Amino acid sequence: QVQLVESGGGLVQAGGSLRLSCAASGISFYLNPMGWYRQAPGKQRVWVAKITSGGSTNLADSVKDRFTISRDNTKNTVYLQMSNVKPDDTAVYYCSTVWGGRDFWGRGTQVTVSS
């Protein structure tokens, strides 16, 4: 059974930092690309970052100078390091992957940035 469990969210002041984690199970993690998405209140879920099995990364223009995505295959975990956060970063953050032709999502972790 595939499970993705996000953690690390919380309340942070603008300009601060936060690291989100997503622990995966039920997949061959080292083979899988992983992604982070976010959904702000009243808005659609949008892509934030992705990392390939080989460690290549891409980030959305809105975050690429402030966020970093990384992975630790020994821990089956993908991270999203958020720096210089802004109130617009307030959202529920989800990690996602594809396994067996299906999309899988975690339940998300709330990030709230105060101004």
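The values are calculated or read from the model by the stated rules, or taken from the named source; none is laboratory data. Just so it is clear, the structure is predicted and the values come from calculations on it, not from any experiment. Every residue, glycine among them, receives a Cβ derived from its backbone with ideal geometry; neighbour counts consider all protein chains shown. To get the accessible areas, we keep the full protein, side chains included, count just its heavy atoms, and leave off ligands, DNA and RNA. Shrake-Rupley method; radii C 1.70, N 1.55, O 1.52, S 1.80 Å.
Data overview
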quantity: Filtered residues of the stretch 64-98 (kept if open to solvent by 10 Å² or more (accessible area, probe 1.4 Å) and under 19 Å from S114 (Cβ atoms)); calculated: R66, S83, N84, K86, P87, D88, T90, V92
quantity: In the stretch 63-115, the residues that are among the small types (G, A, S) and over 16 Å from A23 (Cα atoms); calculated: S83, A91, G100, G101, S114, S115
quantity: Of residues in the stretch 12-51 being in contact (Cβ under 8 Å) with a residue 40 or more places away in the chain and of a type in the set (S, T, Y), the one least open to solvent (accessible area, probe 1.4 Å); calculated: S21
